[in-house]
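Student: Sharing a structure below in structure tokens format, with a few things to ask.
The values are calculated or read from the model by the stated rules, or taken from the named source; none is laboratory data. Model, not experiment: these values are computed from the prediction. Positions of Cβ are backbone-derived with ideal geometry, glycine not excepted, and every protein chain shown enters the neighbour counts. Quick note on the areas: whole protein, heavy atoms, side chains included, nothing else; ligands and nucleic acids left out. Shrake-Rupley method; radii C 1.70, N 1.55, O 1.52, S 1.80 Å.
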Amino acid sequence: KGIDIVVTLDLSESMEAEDLFPNRLEAAKEVIDSFIARRSHDRVGMVAFGATATTVSPLTVDHGVLRQLVRRLQLRSIDGSRTAIGAGLGLALNRLKESDANTQVLVLLTDGVHNAEGIDPDSAAAEAKERGIAVYTVLIGRHASGQSVDPGRLERIAGLTGGYAYTAEDQQALVTTFQDLLDKLERSTIAGEHVRAELFFLFLWPALLLLLADVALRSTRLRRFP
């Protein structure tokens, strides 16, 4: 059935920084677009957040439309004066309530620290853990000493939910991050399919033996005459 994934992207004003080319937001959009294109069998949804959070797309297999929506995301399309990581996580969890997939994943990409009122990110992480949803966090950009950033919290969120916390300070690191994430999701999918295949053979051979026995008996002791 694939995996249901919601990508949660930071649209706060700091995503305009040019330490990634041409800026953090555009670099993030490029790797997210590639990520969606590679998940052809999965339903993918999208949430964006700044001071508040908004749904870009619910879970969908129409990746062409979703990729167009990602390309159109712009700074200042929502209030970017604050970074409401908790609201972004909370809305993404709501989007996953539509899911009946065995594997549900949330990918959070941000360059800052939660500094808005509303849902606490740790509370959202606790709900994700309770529902069996893995959260993968990506901290993007170079951050000098004293800048508003909290990698410890992102690591805590990922660790609590069984996900993984990445740090991407440049373009190549961001690409590598999403490649590693793709690899982790592929291994998860293959493992699930392998279990189902092995169980199939437990029933196949007894069924074939019964069929052969039926043919043999009908040709000998249970043979029918007109």
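Student: Given 0.36 nm per residue, what is the gain on full extension from Arg142 to Glu169 after removing their alpha carbon distance, in nm?
Tutor: Taking 0.36 nm per residue and subtracting the Cα distance, the gain is 9.2 nm.
Student: Taking H placed 1.01 Å from N in the peptide plane, check which residues at least 5 places from Tyr166 or on another chain put their amide H under 5 Å from its amide H.
Tutor: Thr137, Val138, Leu139
Student: Between Asp19 and Arg187, what is the FRET efficiency for a Förster distance of 41 Å, r being their Cβ-Cβ separation, to the nearest 0.05?
Tutor: Using R0 = 41 Å, I get an efficiency of 0.85.
Student: Name the trypsin sites (Lys or Arg not before Pro) in segment 1-89 that are in a loop by DSSP and that have at most 13 other C-beta atoms within 10 Å, would you?
Tutor: Here the trypsin sites (Lys or Arg not before Pro) that fit, given the DSSP loop and packing criteria, are Lys1, Arg76.
Student: Can you tell me how segment 44-194 classifies by the Cα gyration tensor, rounded, prolate or oblate, using a/c under 1.5 as the rounded cut?
Tutor: Rounded, because the longest to shortest axis ratio a/c is under 1.5.
Student: I've got another one for you. Counting only protein heavy atoms and using a 1.4 Å probe, what share of the accessible area of segment 1-94 belongs to carbon plus sulfur, as a whole percent?
Tutor: The C+S portion of the solvent-accessible surface of segment 1-94 is 47 percent.
Student: Using heavy-atom solvent-accessible surface (probe 1.4 Å) with all chains present, what is the largest-first order of Ser34, Ser12?
Tutor: Ser34, Ser12
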